[in-house]
1. Ala40: surrounded by 13 or more Cβ atoms within 10 Å (Cβ to Cβ) and within 30 Å of Met1 (Cβ to Cβ), yes or no?
2. Looking at the stretch 86-110, I want the residues that are in a strand (DSSP E or B) and surrounded by fewer than 17 Cβ atoms within 10 Å (Cβ to Cβ) and have a partner that is modelled with pLDDT under 95 and among the β-branched types (Val, Ile, Thr) with Cβ atoms under 8 Å, at least 6 apart or on another chain. Which pairs are those?
3. Which is surrounded by fewer than 16 Cβ atoms within 10 Å (Cβ to Cβ), in a loop (DSSP other than H, G, I, E, B) and among the basic types (Lys, Arg), of Arg71, Arg50?
4. Please specify each residue of the stretch 1-37 satisfying the condition of being of a type in the set (Val, Ile, Thr) and either crowded, with 16+ Cβ neighbours inside 10 Å or not in a helix (DSSP H, G or I) (or both).
Amino acid sequence: MNEEVIPILRVSDAAVAVAWYERLGFAVRWEHRFGPGFPAFVEVARGEVRLFLSEHEGDARPDTLVYLRVRDVDAVAAEFGVRAEDAPWAREIELRDPDGNRLRIGTPLE
């Protein structure tokens, strides 16, 4: 087993959040509910990168910032209709998911 950190993001509707994260190249790995009608807890992955999306109150706060390094930020920017900008360390964009969580996404400059 590899040790890793998996950010937990608070979402109000897991299905809506999953659809948005799929646009970023994430796919659902699993979903858990304690019973019908209970809040969802979902793992999404993009390669080896994982996020937990939780409908459970108290798991995380809205307006969280996660940094995601990708191979081609321009492709992600095109998918979301935004323009990437160069910073001294990377070419970047910033997006907000449907729940207001911020994702700063960048491709390191070589």
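1. For Ala40, the condition - surrounded by 13 or more Cβ atoms within 10 Å (Cβ to Cβ) and within 30 Å of Met1 (Cβ to Cβ) - is met.
2. Close Cβ pairs (under 8 Å, with a partner that is modelled with pLDDT under 95 and among the β-branched types (Val, Ile, Thr)) amount to Arg102/Thr64.
3. On inspection, the qualifying residue turns out to be Arg71.
4. Val5, Ile6, Ile8, Val11, Val18, Val28
The values are calculated or read from the model by the stated rules, or taken from the named source; none is laboratory data. Small disclaimer: the values here were computed from a predicted structure and weren't measured. Positions of Cβ are backbone-derived with ideal geometry, glycine not excepted, and every protein chain shown enters the neighbour counts.
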